[in-house]
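Reviewing the structure listed below.
The values are calculated or read from the model by the stated rules, or taken from the named source; none is laboratory data. Nothing here was measured: the structure is a model prediction, and the numbers come from that model. All Cβ positions, even for glycine, are placed from backbone atoms using ideal geometry, and neighbour counts span all protein chains on display. Surface accessibility is based on the protein's heavy atoms, side chains included, excluding ligands, DNA and RNA. Shrake-Rupley method; radii C 1.70, N 1.55, O 1.52, S 1.80 Å.
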Amino acid sequence: AALLPALKFYAAHLPKLVLRAAVPSGAEPFTRELAGINRRSRRLGRSLMAALAVFGPKLDRQQLVLGRLVEAAAELLAASAAVARAVELRGALPVADVSELDATVRHACVLAFEAVDERLRTLRHRSDASGYSLAQRLAV
């Protein structure tokens, strides 16, 4: 019974995953940054689904894993907000200031991408289980 709605959803959704997203008007100088945000947000989604598959309904007990996912999402939000604000400001700034703005946004995105990559790389850290058991023993 649930198969038909799922098929309808994925018939419309899967082509969007394959096709590249269009760059919004005015955001052309930040095409590389937007592609990086898009790529990492997809990776974040896959990492969340993998964590759900591994931990199942007990994912809420994996606070360190959830914390890393949230930190990665916050970094992506900050990068996309920086790009959006820069696109908005570009029209109102003198040409000399636009290049400084662009450089600042690109650097902010590089820092965010490094943080996201690190959080997702260490999503399931080896010390999580031992740290959790230690916290349980100390809480008694």
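Which ones in segment 67-105 are of a type in the set (A, V, I, L, M), open to solvent by 50 Å² or more (accessible area, probe 1.4 Å), at pLDDT 90 or above and touching a helix residue (DSSP H, G or I) at 6+ places or on another chain (Cβ under 8 Å)?
Within segment 67-105, 78, 89 meet the criteria.
Only residues that are of a type in the set (Lys, Arg) and in contact with a Leu (Cβ under 9 Å, 6 or more places away or on another chain): list them for segment 60-84, please. Walk me through it before giving the result.
Going residue by residue through segment 60-84, those that are of a type in the set (Lys, Arg) are 61, 68.
Answer for segment 60-84, where residues must be of a type in the set (Lys, Arg) and in contact with a Leu (Cβ under 9 Å, 6 or more places away or on another chain): just 68.
Confirm whether residue 64 is part of a helix (DSSP H, G or I), of a type in the set (A, V, I, L, M, F, W, C) and open to solvent by 70 Å² or more (accessible area, probe 1.4 Å). Quick ask: steps written out before the conclusion?
Numbers: part of a helix (DSSP H, G or I): yes; of a type in the set (A, V, I, L, M, F, W, C): yes; open to solvent by 70 Å² or more (accessible area, probe 1.4 Å): yes.
Yes; evaluated as a whole, the condition is true for this residue.
Could you tell me whether segment 109-128 includes any residue that is part of a helix (DSSP H, G or I) and at pLDDT below 90? Quick ask: steps written out before the conclusion?
Filtering segment 109-128 for residues part of a helix (DSSP H, G or I) gives 109-121, 127-128.
Pick out the ones that are also at pLDDT below 90 and you get 127-128.
Within segment 109-128, one or more residues are part of a helix (DSSP H, G or I) and at pLDDT below 90.
Mind counting the residues in segment 20-56 that are surrounded by 13 or more Cβ atoms within 10 Å (Cβ to Cβ), under 15 Å from residue 119 (Cα atoms) and either touching a Gly at 6+ places or on another chain (Cβ under 9 Å) or of a type outside the set (A, V, I, L, M) (or both)?
The number of residues fulfilling the criteria is 4.
Which one is surrounded by the most Cβ atoms within 10 Å (Cβ to Cβ), of the residues in segment 106-126 that are farther than 28 Å from residue 86 by Cβ and touching a residue at least 24 places away in the same chain (Cβ under 8 Å)?
Of all residues in segment 106-126, those farther than 28 Å from residue 86 by Cβ come to 122-126.
Narrowing further to those that are touching a residue at least 24 places away in the same chain (Cβ under 8 Å): 122-125.
Numbers: 122: 14, 123: 19, 124: 16, 125: 13.
Looking at the filtered set, the residue picked out is 123.
Any idea how many residues of segment 86-137 are among the hydroxyl-bearing types (Ser, Thr, Tyr) and within 21 Å of the chain's Cα centre (by Cα)? Show your work before the answer.
Applying the first criterion (among the hydroxyl-bearing types (Ser, Thr, Tyr)) to segment 86-137 yields 99, 104, 122, 127, 130, 132-133.
Next, from what is left, pick out any that are within 21 Å of the chain's Cα centre (by Cα): 104, 122.
Final tally of qualifying residues: 2.
For residue 88, state whether it is without any contact (Cβ under 8 Å) to a residue 40 or more places away in the chain and over 21 Å from residue 23 (Cβ atoms). Steps first, please.
Working: without any contact (Cβ under 8 Å) to a residue 40 or more places away in the chain: yes; over 21 Å from residue 23 (Cβ atoms): no.
No.
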